[in-house]
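Have a look at the structure below before the remarks.
The values are calculated or read from the model by the stated rules, or taken from the named source; none is laboratory data. Note that this is a predicted model, so its numbers are computed, not measured. We place every Cβ from the backbone using ideal geometry, glycine too, and count neighbours over all the protein chains shown.
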């Protein structure tokens, strides 16, 4: 056997190492999310902090923290900006949420803030971001995990309906 040929034991050992490397890499890849627009996610985070989004009106049906079966935590607080609040208060029937609408959901796990999810309606459609509790973006842009789940909602909003 030449030095370039691998025996059965060598091939088994090499396959085992490749399998171990793959198994170790899977959790790392899953933790990375789909942060398509890091700069945009950071800019939105800063804007939300500057306006103190937690001082915004609560979403309909979410006047206080309530349980959730969505992937954003076992309990949630949902806030809406003035554009969305005015659209709801107008009493007009809507087919779509107005551009400029922003919805922010604080997701809690066992009472601790776990994540902050935000949706901003733009001319091009909804812009999505999910942040870790400290503000690090996990998902941003138009991640398939967000759009696939939210497509069942009224104009992609699942927590409450269009008027």
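Counting only residues that are within 30 Å of residue 161 (Cα to Cα), touching a strand residue (DSSP E or B) at 6+ places or on another chain (Cβ under 8 Å) and at pLDDT 50 or above, give me the helices (runs of 4 or more DSSP H) lying completely in segment 1-104 with at least 3 of them.
On the way: elements: 8-31, 38-50, 82-89.
Those helices (runs of 4 or more DSSP H) span 38-50, 82-89.
Within segment 88-112, take every residue that is out of contact with any helix residue (DSSP H, G or I) (no Cβ under 9 Å at 6 or more places or on another chain) and closer than 25 Å to residue 148 by Cβ and give me the one that is surrounded by the fewest Cβ atoms within 10 Å (Cβ to Cβ).
95
With respect to residue 144, is the statement that it is surrounded by fewer than 14 Cβ atoms within 10 Å (Cβ to Cβ) and not assigned by TED's automatic domain parsing to the domain that holds residue 39 true?
So residue 144 does not fit the description; no.
List, please: which pairs have Cβ atoms under 7 Å, are six or more places apart or on different chains, and start with a residue in segment 56-71 that is without any contact (Cβ under 8 Å) to a residue 24 or more places away in the chain and end with one that is surrounded by 11 or more Cβ atoms within 10 Å (Cβ to Cβ)?
Between residues of segment 56-71 that are without any contact (Cβ under 8 Å) to a residue 24 or more places away in the chain and residues that are surrounded by 11 or more Cβ atoms within 10 Å (Cβ to Cβ), the close pairs are 58/78; 58/79; 66/75; 66/76; 67/74; 67/75.
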